[in-house]
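Each reported figure results from applying straightforward, stated rules to the coordinates on display, with no laboratory input. A quick note: this is a predicted structure, and the numbers were derived from the prediction, not measured. Ideal geometry is used to build each Cβ from the backbone, glycine not excepted, and the neighbour counts take in all protein chains shown.
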Amino acid sequence: MKRFDKGYIYSNLLSDLFKSIVLVFLFFSDIILDDEATLKDISVAIPFLAGAFCGIYLCLIVYRILYYRTSGYQLCENEIKCNRGVLFRKRSVLEYSKVHAINKKQSIFHRIFGIAVLTVDSGSTNTSHQAEIIIIEKSKTVDALLDKLNALKEGKERAATDIKDEVLLSDKDSLYRFTSKRKMLYSLINIATTAFSTALVGALAVVAIGICNLLLQLDTLSPWGEYYLIAILVTLGAMLLFSAISFIGSLIHSFIGYYNFTITKRGNDIQISFGLLERHTNTFSYDRIKAVKITQGLVQRMLGFASITLEVIGYTNDSGNDNSGELGILVPFCKYREVDEILYKVLPDFIPDKKQTSSVSYFPYISWFALILGIVVAVVLLQTIISLMIFNVSPTVIGTCVLGIIAAGVIIFGIKAFSAALAYQNNGLCVSNGKITAYYGGFTKIVTVFMAKNLIAAENVTTPLRKKAGITSLVLHVKTNAVTNEVKVHIQSGELSEKAEGLLIL
């Protein structure tokens, strides 16, 4: 069995060096950053800091060496074998015919030492979050292995030169260009979505601040109430700071994470590559795709943009340490009117059809929520009134608190009513030529396209009153990375359940 390349040790030790420094800093930050600490105190602490750093780093060195000595892989005639682990040893055997996805990952530390991580996944449900096979080799060796494994999984021995690459989409493509302008807009839309959520919470905070301010003017607010007012203001400030940090993070992710984004066709395989500091190259067969999702947040819908993701069994970006990775990015950001054209070029079988059905009633979307919210508000009002009366609080204060609780309830109900209106407009279904297109979602509109052959279960969810009115919600279970992936289409005609059962025997 061949061991991994030694570059694994060197690249990880370089990464571990920074991790050790951060850990030591976190443990001893109180001493280092303490305003009362003198130079003498810091000089006394330095030996302890050095000892802690050496101890942590030495443990990591031992672990990396042991992992290297106990890990390796072997390409056999019909399967690939892999051993890895230190305290818990893992031995994996995967037949070439059962390979679902082959992914290459190269971080900045890997590039320094010229290595890459190749993960091979069968997509079995109990290991969908991690790859069965991990290979760490020189970058050129990984490229050759990737070509060889793609050939072996199809049962064909063919040289890498026989594989003809066809660039379907890239940053330089006229059909899809993830330009700097789009990346900036992508980041702004992400932050706008965060800001929208912040605004909703902020509206509730404004109600609370108004009540506190009124009580301050009436000289009826205790010191605890003043602290409560300060806490609300601090919370709002923290949310604004979080929004700014989110924008910067999204901006960095869009420019660096999706650098040189390219989709390439290699025979029957689709290959998606992106990233600057950490380069991902994900390869999977066209027939392994189980579903395509077109997603639009509320702000994206208003501006006419969308994101396209894939559900591919075994499509992971495993780091080589059994951590789960990001799943299914096909196109991170595009105009909604471009979706059909992009899918026509890359995945022509998954172009969404216009929905044949739509929601038949708005009331069921809001009825249960309104009932539960009404009960909660009534209980809170009752408890508040009783508590304030026990402490002999003036009627003015009681009335102000009651109005505040009612106002908060109205705001929450208004948000839900708006979300329900969007869901009422979005939900629908289309079945055509063995393909199912499901429309659902409230603030976030999702269109999921999958083949009827990947439908593994269908549920009819209703209540006695809805059943009498011929209304149902349809839950479709699709074969994906999870044990089951639910696609829910709500408040449709009851006849849909019979059609869904018919799909299971197609």
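Odds and ends about this structure:
- Each of Leu277, Leu330, Leu382 was scored by other Cβ atoms within 10 Å of its Cβ. Listed from fewest to most, they are Leu382, Leu277, Leu330.
- Average Cα contact separation per residue, the stretch 395-506, under 8 Å, 6 or more apart, as relative contact order %: 19 percent
- Counting every other Cβ atom within 10 Å of each residue's Cβ, Leu49, Leu152 order from fewest to most as Leu49, Leu152.
- Gyration tensor (alpha-carbon) shape descriptor, the stretch 435-478, a/c threshold 1.5: oblate
- From the alpha carbon centroid of the stretch 444-470 to that of the stretch 359-433 is 27 Å.
- Alpha-carbon Rg with Dmax, taken over the stretch 294-445, Å: 23.2, 73
- Here the calculated FRET efficiency for Gln425 and Val376, from their Cβ-Cβ distance with R0 = 30 Å, stands at 0.65, rounded to the nearest 0.05.
- Sorting 282-289, 404-411, 98-105 by average packing, meaning the other beta carbons within 10 Å per residue, from highest down gives 98-105, 282-289, 404-411.
- On the beta carbon distance between Glu341 and Leu188, with R0 = 30 Å, the FRET formula returns roughly 0.80.
- Packing, taken as the mean count of other beta carbons within 10 Å per residue, orders the peptides 296-303, 14-21 from highest to lowest as 296-303, 14-21.
- Residues Glu132, Glu459 arranged by fewest to most Cβ contacts within 10 Å: Glu459, Glu132
- For Leu23 and Lys138, the FRET efficiency from 1/(1 + (r/R0)^6), where r spans their Cβ atoms and R0 equals 35 Å, is about 0.70.
- The value of relative contact order for the stretch 363-424, using C-alpha pairs under 8 Å at least six residues apart, is 56 percent.
- The stretch 399-453 shape via C-alpha gyration tensor axes, a/c threshold 1.5: prolate
- With the simple spin-label model, which puts each label point 7 Å out from Cα in the Cβ direction, the Val167 to Ile252 separation comes to 2.9 nm.
- 12 Å cut-off, amide nitrogen to a point 7 angstrom out along Lys148 Cα→Cβ, residues in the stretch 68-109: 73-77, 80-81
- Segments 70-80, 469-479 sorted - mean Cβ within 10 Å per residue, highest first: 469-479, 70-80
- Checking the cross-link pairs Lys181/Lys290; Lys435/Lys468; Lys416/Lys479; Lys265/Lys488; Lys435/Lys488 against a 23 Å limit on the alpha carbon distance flags Lys181/Lys290; Lys435/Lys468; Lys416/Lys479; Lys265/Lys488 as lying beyond it.
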